[in-house]
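The values are calculated or read from the model by the stated rules, or taken from the named source; none is laboratory data. Owing to the predicted nature of the structure, the values given are computational and were not obtained by experimental measurement. Using ideal geometry, Cβ is built from the backbone for each residue, glycine included, and neighbour counts are taken over all protein chains shown. Side chains are part of the model used for accessible areas, which takes the heavy atoms of the whole protein and leaves out ligands, DNA and RNA. Shrake-Rupley method; radii C 1.70, N 1.55, O 1.52, S 1.80 Å.
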Amino acid sequence: MLYKYLGNLPTAIVHLQLNFPMGWHDHHCSFHHGNPRCFRSPNTLLRVSNTPCVYLDTGIAFIRYFLGCSCLSPLVNPSWKHVQYVPGMRVLFSPLTIFGAMIPTRSWNPGLNWSWIWRKTAYMNRTHDIISMVPILFGKPSIYVGSLDVARQLLVNENKLRLEKPADLRKSLLLWGESLSTTNGEDWRRHRRILGPAFSNETYVTVVKETASIYREMVAAEGWMDNTEVVVEEFHRIPSHVAFVALARCGFNVRLPWAEERENEDLSFGKALKTVIRTNLARLAIPIWAYKLPLEGLHKMDQAWKYIGVYMHDLVARRREELRGEVPENLHQRGDLFSRLVAALDENAKIGLKEQEVIGNTFTFMFVGHETSARVLTEALGFLAIHQDEQDKAVNEISSALPAGQDPTFNDLSKLVHLLACFHEALRIYPPSLMMGRDTTSEIPIKVTHPSPQTILLPKGSRVVMDMIALHHDPRVFPDPEKFKPSRWYGKNGVGDEVSMFGLGPRVCIGRKFVESEALTFLSMFLRDWKVDIILSPGETRAQYEDRVMGRARLIGHAFGVEPFPLKVSRRVSV
């Protein structure tokens, strides 16, 4: 048997070196049978032999080949059976481990951004609904789902199937306490029952009013009033700060101004909160003793985290005192999320929330809501700057929907069909949440259609990962998935899983309407007053710009999105 593997070794090395960016190893046939469809010409290896790191890649290919062959793999990683020998990737590290996340995407290590980098060829050139990923050294074997139909089978019924969010994938959101996003089972139902009423029309009315106010502050503070044209070098700074201030006001009821504090000013809530959001993953990885080292950056980071910890507990106490004796009818008039959470305080946690759960829910909403809003607003405006025809449609719709010179109201937002479609299309192309993982607590059958109809049984303890980029770049569901086509969302703006970027099933994003209300308010006011355009390099076309700039996407912090880019802003009317 060993001779059989050694005999195929040269071909296997070519496969590992050249075809693995497409990611595939069929456990039953690729190596054993020398399937010619799996391999390129060996001459190609000679053409790339001078590329950087080729010797490292070749050496690792040997290791992966011997450890990943069928006779040794179950011994190296006994959890292999959990993927039911589904074809897919055999790698050294799972991208969901610290080793896999730290190393950039290589043939032997997918990295955090593999789903985007390999989106056109993943899932065996889009011929499979699911694939497996089996890490040879570190990580848990997983089934990755690239089909919306399979994802719906799992997520729509996840309470009935008793799927659970994996504990190791929730660590970054547990630094402040349990929340709706981190709990399972009865605890999740308790959180969901308490938080549901907080996301009401009263909240969305507040979001619209505050976002409109923030927009006016932004225009004045940025000095745009004195110019007819402005180039904003890193445009993401604008939507990011809009989302940050809006969440501080509507989430905490803390009146942050648009103008940021200067670096030499004492630490404030706004500065500390931004530091906490920016360093959340670092806080998880850095050991406590490291903060005693003579490193100013770590000291400032530690100071910010401690400041926010003390501030939040004091804020809970103050808000609880304010709400003492307040009748429930009046509570509904409060538009901020934090007041609703504090009102649900119950240290026994039988029907309410513990203090740390109040803080945990508030910060989870802050982290997830801020990054989602900031990224998608930036990308939507980036696409509208490229596609001027879509921007013109949006401007005409805004002019018809909003009375001249008046700010939008919550009721006006339902008229902005095309603008919402632009937001959803940007969200489809760049879903901020790359992956959604679930662990099975019992044996679960799933039906797949491609490459052929069959039922696969997932054993108890299996990990299933919904690949959000693959789900929303599937050409069978979204024709021409690489193209920005807002019209594909017309008529799909209702409640439910039609807009699947917010999730599927009972655990669909509870803050969807909050994010959409904020986005439509800002976009409608911004595009009403300003035209956005791109800055082309000499001789560059808009299509080339789109490929160059909008193709540079990666996981940044907690959210996936495009790397910073500049935009040109020109005045439409007197503002």
Gained length - residue 187 relative to residue 310, 0.36 nm times residue gap less alpha-carbon distance
41.7 nm
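Ranked from the most accessible area to the least, with a 1.4 Å probe and all protein chains present, what is the order of 119, 554, 90? Could the numbers behind the result be given before it?
Details: 119 40, 554 95, 90 10 Å².
Result, largest first: 554, 119, 90.
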If you line up the Cα atoms of region 518-575 on their principal axes, what length do they span on each, largest first, in Å?
36, 35, 14
Quick one: pull the percent of accessible area on region 185-571 belonging to carbon and sulfur, 1.4 Å probe, ligands and nucleic acids left out.
52
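Which GluC sites (Glu not before Pro) in region 432-533 pass both tests, a DSSP loop state and at most 12 other beta-carbon atoms within 10 Å?
Passing both the DSSP loop test and the Cβ count: 443, 498.
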Let me know the Kirkwood hydrodynamic radius for region 82-204, please, with Cα pairs as the basis and the value in Å to one decimal.
16.8
Given axes a ≥ b ≥ c from the Cα gyration tensor, I'd like to know whether region 166-210 is rounded (a/c under 1.5), prolate (a/b larger than b/c) or oblate.
oblate
Please give the Cα centre distance for region 429-476 versus region 201-260, rounded to the nearest Å.
38
Taking a cut-off of 22 Å between Cα atoms, list the lysines near residue 171, but don't count ones fewer than 8 places away on the same chain.
140, 274, 306, 354
For residue 97 and residue 356, calculate 0.36 nm times their separation in residues minus their Cα-Cα distance, and state this gained length in nm to one decimal.
90.5 nm
Potential extension, residue 541-residue 216 segment - 0.36 nm per residue separation minus Cα distance:
113.6 nm
Mind checking region 206-251 for GluC sites (Glu not before Pro) that DSSP puts in a loop (not H, G, I, E or B) and that have at most 15 other Cβ atoms within 10 Å?
233, 234
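Given R₀ = 56 Å, FRET efficiency for residue 572-residue 85 by Cβ-Cβ distance, to 0.05? Before the final figure, lay out each step's value.
Working: r = 59 Å, r/R0 = 1.06.
The calculated FRET efficiency here is 0.40.
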At a Cα cut-off below 26 Å, give the lysines reachable from residue 485, other chains included and same-chain residues fewer than 8 away excluded.
120, 393, 415, 513, 531, 568
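How much area per residue is accessible in region 185-571 when the probe is 1.4 Å and only protein heavy atoms are counted (Å²)?
Details: 16530 Å² over 387 residues.
Per-residue accessible area for region 185-571 comes out at 43 Å².
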Only four residue types carry charge here, +1 at the Cβ of Lys and Arg and -1 at the Cβ of Asp and Glu. Report the dipole size of region 143-224 about the Cα centre in Debye, rounded to the nearest 20.
320
At 7 Å along the Cα-to-beta-carbon direction for both residue 225 and residue 125, put a label point, then send me their distance in nm to one decimal.
6.0
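I need the shape label for region 185-571. Rule: rounded when a/c is under 1.5, else prolate if a/b > b/c, else oblate, with a, b, c from the alpha carbon gyration tensor.
Working: a/c = 1.38, a/b = 1.10, b/c = 1.25.
Rounded.
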